[in-house]
Amino acid sequence: MNGFPGLPGGVGVSRLCVYDWPAADGLHGGTPHMHLACSEGYVVTGGRGAVQTLTSSGYEETVLEPGTIAWFTPGTIHRLVNEDDLQITVLMQNSGLPEAGDAVLTLPPQYLTDPETYASVTRIPLDAPRAEQEQVARTRRDLALEGYRALRASPDSLTAFHEAAAALVRPRLAEWRERWQQGASAAAQATGDQLERLGRGDASHLRDAVVRAEQPAERGKFGMCGRLDVYKLEG
C-alpha cells in the first residue's frame, strides 16, 4: 500500500445546501452546535449567508459568499444563516467525525443530562418518510436555537455547556480514537515514512501511485445545517 488511501490528511468532505427554513428570529438556516475534537472548514461555492459563532472570546458573525474559506477550532458554537441559496463544501478533521458523532447541539440544559435524553430529541428516524425526517430536523433545530439564544444572552453559561457536552460524548471516545488512528494519524505516519525513504534515496513507493474518485454515498441527507451529499472516504 502506497501511503494513506483516504483523502489528503485524513479529512472528510460533504456538500451542504444550507436549510432555508425560517426561525423565530426571522433568519433562515441551520442548527447551532459545537464539535469537541475536530476543526471544520467551509469553502463557499454558491449563494450568500453567514456563520454566527460563539466562543469564550465572544460572539462573531462571518459573511459567507462564493470564494470565502472559513474555519474554526473545537469549542466553537456555530450557526449557519442562509440569505440566498447558500451552498458550501465542508471539510472536516478526522475522516468526517463531525458528521459521525463529534457534535453536540445547543439544546436547553434539561436535554443534555444523559445520552438517552439527548438522543430522544435529536435522532432522525432513517426509515421514516422524508416529510417526517424533515419535521424532526426542524423541531430539533428550533430547540437548539432556544438553547443558543440563552447561551448568547449569558456567556457565563458556556462553561456549563462545555462540561455537559463533554459528558455526553465520553462513552464514544474509544470509537473516536480508533477513527483518528486509522485516519489522520495514519496519514501523518505515511508522510513520515515517505520522507524517511526519500532521505535514504529510496523512491520505490512512487511506483505504487494510484488515482481514486468517489460519488456521494448518500444525497440529500438531513444534517444539522442543511441537506447533505455525503461521501465514504475514511480510507
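Tell me whether the range 74-167 comes out rounded, prolate or oblate; compute the Cα gyration tensor, take square roots of the eigenvalues as a ≥ b ≥ c, and use a/c under 1.5 as the rounded threshold.
Numbers: a/c = 1.37, a/b = 1.21, b/c = 1.14.
It comes out rounded by the Cα gyration axes.
Please list the helices of the chain that count as membrane-span-like by this rule: a mean Kyte-Doolittle hydropathy of at least -0.5 together with Cα atoms stretching 15 Å or more along the helix axis, each helix being a complete DSSP H run. Don't jump to the answer; show the numbers that get you there.
Values: long enough: 130-153 (34 Å, -1.08); 158-169 (17 Å, 1.35); 186-199 (20 Å, -0.37).
Correct list, ordered by number: 158-169, 186-199.
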- Query: How large is the charge dipole for the chain, taken about the Cα centre, if only the Cβ atoms of Lys, Arg (+1) and Asp, Glu (-1) carry charge, to the nearest 20 debye?
  - Reply: 340
- Query: With the Cα gyration tensor of the range 1-130 giving a ≥ b ≥ c as the square roots of its eigenvalues, does the rule (a/c under 1.5 for rounded; else a/b larger than b/c for prolate; else oblate) give rounded, prolate or oblate?
  - Reply: rounded
- Cα pair count fraction exceeding 17 Å, expressed as % - the range 170-228: 68
- Total formal charge among the other residues, if their Cβ is under 14 angstrom from that of GLN87, Lys/Arg +1 and Asp/Glu -1: -2
- In terms of the charge dipole of the range 36-152, which places +1 on Lys and Arg and -1 on Asp and Glu at the beta carbon, the residue among VAL43, PRO66, PRO109 farthest towards the positive end is PRO109
- For the chain: rounded, prolate or oblate by the Cα gyration tensor [a/c cutoff 1.5]: prolate
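Ignoring everything except DSSP H segments at least 4 long, calculate the 222 nm mean residue ellipticity for the chain; use -39,500 (n - 2.57) per segment, divide by total residues, nearest 500. Walk me through the numbers on the way to the answer.
On the way: 6 runs with 70 residues, N = 235.
One gets -9000 deg cm²/dmol as the mean residue ellipticity at 222 nm.
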- Using 0.36 nm per residue, how much length does the chain from ASP114 to GLU178 gain when fully extended, once their Cα-Cα distance is taken away? 20.7 nm
- Note on the structure: the chain, Gaussian network, Cα under 10 Å: of TYR19, TYR59, TYR148, the residue fluctuating most is TYR59
- Query: Between THR89 and GLU61, what FRET efficiency comes out of the Förster formula 1/(1 + (r/R0)^6) with R0 = 30 Å and r the beta carbon distance, rounded to 0.05?
  - Reply: 0.90
- Task: Using a 1.4 angstrom probe on heavy atoms only, work out the carbon and sulfur share of the accessible area of the chain in %.
- Result: 51
- Query: At a probe size of 1.4 Å, how large is the accessible area of MET224, to the nearest 10 Å²?
  - Reply: 40
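For the range 91-144, report the accessible area per residue in Å² (1.4 Å probe, heavy atoms, rounded to an integer).
48
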- How far is it, in nm, from the label point at GLU146 to the one at VAL121 when both lie 7 Å from their Cα along the line to the Cβ? 0.5
- Residues in the range 51-89 that a label on GLU134 would reach, taking backbone N under 17 Å of a point 7 Å out along Cα→Cβ: 85-86
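Using 0.36 nm per residue of separation minus the Cα-Cα distance, give me the extension gain between SER39 and SER157 in nm, one decimal.
Numbers: separation 118, 0.36 × 118 = 42.48 nm, distance 2.24 nm.
Computed gain between SER39 and SER157 is 40.2 nm.
The values are calculated or read from the model by the stated rules, or taken from the named source; none is laboratory data. Nothing here was measured: the structure is a model prediction, and the numbers come from that model. Glycine gets a Cβ as well: all are built from the backbone with ideal geometry, and neighbour counts include every protein chain shown. Only protein heavy atoms, including side chains, enter the accessible area calculation; ligands, DNA and RNA are left aside. Shrake-Rupley method; radii C 1.70, N 1.55, O 1.52, S 1.80 Å.
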